[in-house]
Each structure stands twice: as structure tokens, then as C-alpha cells.
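Asks: The structure that follows is given in the form of C-alpha cells.
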Ligand SMILES: CC(C)(COP(=O)(O)OP(=O)(O)OC[C@H]1O[C@@H](n2cnc3c(N)ncnc32)[C@H](O)[C@@H]1OP(=O)(O)O)[C@@H](O)C(=O)NCCC(=O)NCCS
């Protein structure tokens, strides 16, 4: 399951409360016009998206197996965590209103930290959109959620993901074992990016 960053930040009660409120309120405008909070109307689209191994195989924290029940439960569990200020599940709709990607944000408000996992539909992969799409998500996490640290993992055999992560300025911090919901372990590379470093790169 999602694990907090290796680096441990501390917060004031005020900062923690502000992050929880930002997660609850979730202004998605910085994520673009197709971004929506996942709800029951997206179950079918998410099942179709995630049933494709080209989309879901590299991701360790998805429910398995993928079916309407497990995906519906995942949407509901994330909504409950969002009400606590601790997670957001976003789908991206294409111009026809079909689910074309997703991002799940896990937030640790008491550590001003967050993690993201996500994927785009197979027909939208390898077109050069990953870098800008991921950069937009990282920007949103710092700007709209107000976290100060993002940690990310990628399977050790996922060079595309590593490229996208390092292009955004993330610092490699070795490996970590990512734990799948069934308890099995996936070897992962691990990176972190601070808000200061992100702002400095943005100039
Ligand atoms: C990971 C993902 C979001 C990347 O998006 P994308 O649009 O496919 O990626 P891009 O086309 O922008 O390519 C990303 C980079 O990887 C490079 N790349 C592609 N295939 C590669 C390979 N086999 N080896 C090394 N680099 C590769 C590209 O050249 C590009 O680098 P550049 O920006 O320096 O040119 C997308 O492929 C995806 O959803 N994959 C399935 C799920 C997944 O892996 N999610 C991430 C889990 S951490």
C-alpha cells in the first residue's frame, strides 16, 4: 500500500489543517478541463482503462482483480479518505467524455507530504505527453494541496516512468519495497522532490 516519503517533515497544526482542507475542497482547475473527482459514474470507464495491462501492470497500489466491485470500492474508500483530507482520486476525460487516465494522490497532512500514482490510456502513451502531464500533477500537488514534499516510486523495469520523474527534477533516493494490496513486494526505485526545489526550477 502507499507508503509515506522516506524524509520525515514536521508541520504545525495550522499547516496540517490547511492541507486537509485543500484536499477536501480540491480545486481541480490547475489539472485541466478533463479532470474530475472519480465517482460512481466513472466505474465503467475506470474498469475499461485499468483492465488493460499496458495501463495497470506497472502500478502497485491498484485494487486487484480489476472489476466493477473492486473499482467501486476503491472509489468509495478514496472518497472517505478525501473527506479526512488524505487522498484524492482523479480521472481525466477525453473530448468524448471517456476515461483516458487517472491519478491517485495519497496525502500525509501531518507530514506536509504526498505521493502520486497514475496512468494514461494505452493509445495516449509514448506520444511525449507523459512529461507535461506529470509536471502538471506535481505542480497541482504543491500549489493546490499545499504539500512541501512529494515521494514517488516506479518499478525498476519502468524506464518511461523514471524519465518522466527525473525530468521534473526529482532526486533519486535509492530503492524501496512497494507493498501491493495482497502483501506481495514490488522492487521500486524511489525519488523525492521538495517544494523549494520545484519552485527554484520553475524560476
Ligand atoms: C508512465 C506514463 C505516464 C508516461 O507517459 P507517456 O506519455 O507514455 O510518456 P512519454 O511518451 O512522454 O515518454 C516519457 C519518456 O520516456 C522515454 N521512453 C519511452 N520508452 C522508453 C524506454 N523503453 N526506455 C527508456 N526511455 C523510454 C521517452 O523517450 C520519454 O523521454 P523524453 O521525455 O526524454 O523524450 C505512461 O506511459 C503510462 O501511463 N504508463 C503505464 C502506467 C505507468 O507506468 N504509470 C507510472 C507508474 S509509476
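Asks: When 170, 142 are ordered from fewest to most other Cβ atoms inside 10 Å of their Cβ, what list results?
Replies: Going from sparsest to densest Cβ surroundings: 142, 170.
Asks: Once Rh for the range 62-119 is found with the Kirkwood sum over Cα pairs, what is the Stokes-Einstein diffusion coefficient at 4 °C and 1.567 mPa s, in µm²/s?
Replies: Roughly 105 µm²/s, to the nearest whole number.
Asks: When the label point is put 7 Å from the Cα of residue 54 along its Cα-to-beta-carbon vector, which residues of the range 103-134 have a backbone N closer than 12 Å?
Replies: So the set is 120-127.
Asks: Please state the shape class of the range 1-95: rounded when a/c is under 1.5, otherwise prolate if a/b exceeds b/c and oblate if not, all from the C-alpha gyration tensor.
Replies: Verdict is prolate for the range 1-95.
Asks: List 137, 41, 95, 113 from most exposed to least, where exposure is judged by having the fewest other Cβ atoms within 10 Å.
Replies: By the 10 Å Cβ count, ascending, the order reads 95, 41, 137, 113.
Asks: Here's something else I'd like to know. Can you tell me how the range 39-150 classifies by the Cα gyration tensor, rounded, prolate or oblate, using a/c under 1.5 as the rounded cut?
Replies: On the way: a/c = 1.83, a/b = 1.22, b/c = 1.50.
The shape class here is oblate.
Asks: Return the single residue from 164, 23, 107 with maximal mean-square fluctuation; model: Gaussian network over the chain, springs between Cα atoms under 10 Å.
Replies: Ranking 164, 23, 107 by mean-square fluctuation puts 164 first.
Asks: Now, a different point. Using Cβ counts within 10 Å as a stand-in for footprinting exposure, how do 161, 51, 56 rank, fewest first?
Replies: Ranked by crowding around the Cβ, least crowded first: 51, 56, 161.
Asks: Now, a different point. What nm value, rounded to one decimal, do you get for the distance between residue 24 and residue 202 when each label is placed 7 Å out toward the C-beta?
Replies: Rounded to a tenth, the inter-label distance reads 2.5 nm.
Asks: Relative contact order of the chain: what whole-number percent is it, with Cα pairs under 8 angstrom and at least 6 residues apart?
Replies: Rounded, it is 24 percent for the chain.
Asks: Decide, for the chain, between rounded, prolate and oblate: order the square roots of the alpha carbon gyration tensor eigenvalues as a ≥ b ≥ c, take rounded if a/c falls under 1.5, and otherwise choose prolate if a/b is larger than b/c, else oblate.
Replies: The shape class here is rounded.
Asks: Helix-derived [θ] at 222 nm for the chain: sum -39500 (n - 2.57) over DSSP H runs of at least 4, divide by residue count, nearest 500?
Replies: Computed mean residue ellipticity for the chain: -10000 deg cm²/dmol.
Asks: Over the range 118-183, one equal point on each Cα, no solvent: what is log10 I(q)/I(0) by the Debye formula at q = 0.21 Å⁻¹?
Replies: -1.04
Asks: While we're here: Which of these, 133, 146, 97, has the largest mean-square fluctuation under a Gaussian network model of the chain (Cα springs below 10 Å)?
Replies: 97
Asks: Right, another one. Using a 7 Å offset from the Cα along the Cα-to-Cβ direction at both residue 79 and residue 180, what is the distance between the two label points in nm, to one decimal?
Replies: Distance between the two pseudo-spin positions: 2.8 nm.
Every read-out reported here was derived from the displayed coordinates using simple, explicitly stated rules and does not represent laboratory data. This structure is a prediction, so every number in the text was calculated from the model and none was measured. A quick note on method: Cβ atoms are made from the backbone with ideal geometry, for glycine too, and the neighbour counts reach across all protein chains shown.
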